[in-house]
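Written out below as structure tokens is the structure these notes cover.
The values are calculated or read from the model by the stated rules, or taken from the named source; none is laboratory data. Worth saying up front: this structure is predicted, and the values here are computed from it rather than measured. Cβ coordinates were reconstructed from backbone atoms using ideal geometry, including for glycine residues, and neighbour counts include every protein chain displayed. These area figures cover heavy atoms from the full protein model, side chains too; ligands, DNA and RNA do not enter into them. Shrake-Rupley method; radii C 1.70, N 1.55, O 1.52, S 1.80 Å.
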Amino acid sequence: MNPKTLSLPETGTVRPVTLRLQDRLAAQLPKLVLAPTVIVTLVAVYGYMIWTGLLSLTSSRILPVWKFIGTEQYGKLLENDRWGVAVENLIIFGGLFILICLVLGVLMAILLDQKIRAEGALRTIYLYPMAISFIVTGTAWKWLLNPGLGLQKTLRDWGFEGFTFDWLVNPDRVVYCLVIAAVWQSSGFVMALFLAGLRGADQEMIKAAQLDGASMPMIYRRIILPSLKPVFFSAFVILSHIAIKSFDLVAALTGGGPGYASDLPATFMYQHAFTRGQMGLGAASAMLMLGGVLAILVPYLYSELRSKKNG
Amino acid sequence: MVKPQQTLNQQLLRYGLYAILALAALVYLLPLWVMLLTSLKDVEEIRTGTLLSLPASINFDAWGKAWSGACTGSTCEGIAPFFGNSFQIVIPAVLISTLVGSLNGYVLSLWKFRGSEILFGAMLVGCFIPFQVILLPMARMLATLGLANTTTGLVAVHVTYGIAFTTLFFRNFYVGLPKELIAAARLDGAGFFFIFRRVVLPLSTPIIVVCVIWQFTQIWNDFLFGVVFSGADTQPVTVALNNLVNTSFGGKEYNVDMAAALMAALPTLLVYVLAGKYFVRGLTAGAVKG
């Protein structure tokens, strides 16, 4: 027992000290509440990114092996024919998916913006696929596009004997099946985004243009659509994000087949990392996917955060 | 944009407009309608009829089999057990991620500190990374923690990557709350949690609804985490459905496939029909547009 600590209460400093401690604790409370999320993010987002990055530099196959071999896996990846097909598919699939969704979304939003009766019901119908998982979407379209029993058979039974629609089993066409199903799933969402944008358009300006004798198509082209640039931008980012992530749709609709004709980078990564015992290669493909997403995202987030600061 | 005095031309234009919109609605509804028709037919009818031919009689045999008898990979108990798994994953994951998100959003909007904006930006990255980049380390980590192939493990994964979204939702919502309200409460000596419980939370109902719907849909519809991190008997319904559709012994039972797909879609469709307004709001909030 140290006499010094015993004498502390007599000086009357204990209460203030603990109070100050409490105050300090209270001041730190917001940070403490945020801390778990910060730690989880640091570990499970940034830490894992680095982990995967390091893994991609190793010769790991079924189990991680920390033997570094430089960028050999990336070299192998770029020479891998299957990866080439996956990237090419992503460019075709992503490009068409984004383009068609944007065009359909804008068109449908403009049509719905004409003071339509039953607008609510129509909107609900256009948007419902977004509530459904890609696995269900894939299952449904696999059935519709099935040459033996689906649309092809139906049209033939209706008398169009020569009608052929076998894209699902045709290696050169199967990627377009992914586009069809994905557009069905997501175009209504783009429509909803644009409809919201149209409703926010500057009514004064539109009235002024109308008084000047401008026709409605002209007003849409010259005034309303240009004002929707931010919506285009957001929609583009979201759609490209959906495209790069697409994994479920391929799994359910084509299984990557025939052969590997409808592989996308996401399915390539899963195959190599989890079922083919090529962990290093899978990690390298994941890193390239990350690079692709960041290339689109960083400029977007930058402009988004900057505009919020200015606004 | 329609003038009261309509010419014949304008009226025709209007009919055309409605025709196009109705046609589009039919196209969007077609897959659902075909799924429903197919699920009510028997295999023979499917082979002889067309996609759009009506079933001779309505029978729910395929639904019964999909629910409790169809083979999904290793077992033949239908999708019922996996349907249950999905709920076991979704409910805790939604509750935890919503609660954490609301606390985070509260701090990041009303108790900002130096560097908190940067932390917020850093967290947002979690909304956008392709999950392929975290799959391998996460699998390793779950194994180390003894959570591999468990429902708890899947809940943890969904919470981890859901927090980015929920934080974003709540932060953007709370930024819009009147600052005076909080300032007054603080002057009265109310503390951090007291203000949260008594002032902020009662105002949060709209954003909680949006957040819960968004998380519910995301987690229910997840396939990637399910297929990578679940075991044979902890699979969510999406994984079971995919197994059911893609593995078949003997003849393919499309009616059972379609019934199972409809069942897997039912919970989120129901949410959408009942709370569509909030669903759309969640979608647009997820688009980093406050």
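Here is how the numbers come out for the structure above:
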item	result
Selection of GluC sites (Glu not before Pro), region A:78-183, meeting DSSP coil and at most 16 other Cβ within 10 Å	A:GLU161
Solvent exposure of region A:77-222 as accessible area per residue, Å², 1.4 Å probe	45
Candidates A:VAL43, A:VAL169, A:VAL250, ranked by Gaussian network fluctuation over chain A, Cα under 10 Å, top entry	A:VAL43
Equivalent ellipsoid semi-axes, the protein assembly as shown, via Cα gyration tensor eigenvalues times 5, rooted, Å	44, 34, 24
Inter-chain shielding of B:26-37 (mean C-beta neighbours from other protein chains, 10 Å cut-off)	4
Residue-averaged beta-carbon neighbours from other chains (10 angstrom radius) around A:36-44	6
Rg over Rh [alpha-carbon atoms, Kirkwood Rh] for region B:42-173	1.19
Of A:LEU290, A:LEU42, A:LEU253, the one that fluctuates the most in a GNM where chain A has Cα springs shorter than 10 Å	A:LEU42
Highest-fluctuation residue, B:ALA25, B:ALA148, B:ALA70 considered, GNM on chain B with Cα pairs under 10 Å	B:ALA25
Gyration tensor verdict on region B:186-239 (Cα atoms; rounded if a/c is under 1.5, prolate if a/b is larger than b/c, oblate otherwise)	prolate
Accessible area, probe 1.4 Å, largest first, for residues A:LYS229, B:LYS41, A:LYS31	A:LYS229, A:LYS31, B:LYS41
Selection of chymotrypsin sites (Phe, Trp or Tyr not before Pro), region B:72-127, meeting DSSP coil and at most 15 other Cβ within 10 Å	B:PHE113
Calculated log₁₀ intensity ratio I(q)/I(0) where the Debye formula runs over C-alpha points of chain B, q = 0.10, 0.12, 0.13 Å⁻¹	-0.72, -0.92, -1.00
Solvent-accessible area buried by A and B, counting both chains, probe 1.4 angstrom, square angstrom	7900
Accessible area of the protein assembly as shown belonging to carbon and sulfur atoms, whole % at 1.4 Å probe	66
Inter-chain shielding of B:216-223 (mean C-beta neighbours from other protein chains, 10 Å cut-off)	4
Region A:127-214 - Rg and Dmax from Cα coordinates, angstrom	20.2, 58
Most to least accessible of B:LEU203, B:LEU270, A:LEU239 (protein chains only, probe 1.4 Å)	B:LEU270, B:LEU203, A:LEU239
Chain A - convex hull of the alpha-carbon atoms, volume per residue in Å³	267
Filtered chymotrypsin sites (Phe, Trp or Tyr not before Pro), region A:34-78: DSSP coil and at most 14 other beta carbons within 10 Å	A:TRP66
Computed accessible area, A:ASP166, all protein chains, 1.4 angstrom probe, square angstrom	50
Value of [θ]222 nm, deg cm²/dmol, for the protein assembly as shown, DSSP H segments ≥ 4, -39500 (n - 2.57) each, nearest 500	-23000 deg cm²/dmol
